[in-house]
Amino acid sequence: MVAAMMAVVMSAKAEDIEFAYNAGFEAVSCYIWRGQYNGGLSFQPDVEVGFDALDEALSFRFGAWGTVGASDWKFRKGFPNYIDAEGTEINPNTYFVPEIDILGSFSFYGATVGFTHYYYFGGTPFFSGLEDDGGSQTEIQVGYNFDHFFGQGAYINWYTMVAGADAVYDDADVAHRAWSSYIELGYDYTFDNIGLTLGAQLGMSPWESPVYGNSKFTVTNISLKINKEWEFDHVTLDLFGQASLNPDGIDKDNVFVNAAGDEKLCVQRLNGTVGLGVWF
């Protein structure tokens, strides 16, 4: 990725290369990730820097994204607090792990390769079993944006976990790396005259994965999203809503289970969130 980036940059004229950045935050009613419920009311800052070249046909980005906030603020089950073996008071009605992601990507005429390193403070919410991962996962991405063919919006991405907490067990109860993967097909259409975007995503996990909660190839996410933007001199406001269906979810009645452990992840069939973004 770096070699390809440097080769193109060296062949481009200095005036054709522009510095680019993206900074801001979102406040969301629920933290939804690839159709899964990952937490309640959350504050999610984001910053990325990089450059564009060749009339934006080439771009490089490096940045960080995080999420902090409440959890299950509207879904408390009434379980009493208890004292653990170390004398710490535990509330079994909440489940939330603060997260920070380090990410980078390189795009060239619609093709993209990138990585994301997920770090969960206090441990990972996903199945570990392989090594002392320190509460982290690392993922690589390849994808393609079909703007050249369809004008705007159509894309495909493949993501695979390559390090960290991601294990499956064989019949002898020996842990093996799952190589948890996620394929997403999406299309976004923007009505430029009113600043409104409609989006649809179809997500699939191609084989057994502890991250997505499936034992074989399955569709794990069907999402619809709508967002409206207002642009001012130096600030953009983004109001959005998203609804997600996980056909592989095991909770057919969509009743929230006890949020004291991993059981909450992957099982919800219906998830949704609304949020407000502020970008500079």
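The values are calculated or read from the model by the stated rules, or taken from the named source; none is laboratory data. Since the structure is predicted, the reported quantities are computational estimates derived from the model, not experimental observations. All Cβ positions, even for glycine, are placed from backbone atoms using ideal geometry, and neighbour counts span all protein chains on display.
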| field | Tabulated pairs, region 154-178, first modelled with pLDDT under 90, second among the basic types (K, R), C-beta under 7 angstrom, 6+ apart or interchain | value | D166/R177; A167/R177
| note | Here the residues within region 171-216 that are more than 20 Å from the chain's Cα centre (by Cα) and closer than 23 Å to R269 by Cα are S215, K216
| Are there any pairs, at least 6 apart or on different chains, whose C-beta atoms fall under 7 Å, with the first in region 79-94 and at pLDDT 65 or above and aliphatic (A, V, I, L, M) and the second part of a loop (DSSP other than H, G, I, E, B) and loosely packed, with under 10 Cβ neighbours inside 10 Å, and if so, which? | I90/N81; I90/D84
| remark: Taking region 205-230 and keeping residues closer than 22 Å to W279 by Cα and in a loop (DSSP other than H, G, I, E, B) leaves none
| query | What tally of residues in region 231-280 results from selecting those that are among the aromatic types (F, W, Y), in a loop (DSSP other than H, G, I, E, B) and at pLDDT 75 or above? | reply | 2
| Out of curiosity, is F121 exposed (fewer than 14 other Cβ atoms within 10 Å of the Cβ), under 22 Å from W65 (Cβ atoms), modelled with pLDDT under 85 and not acidic (D, E)? | yes
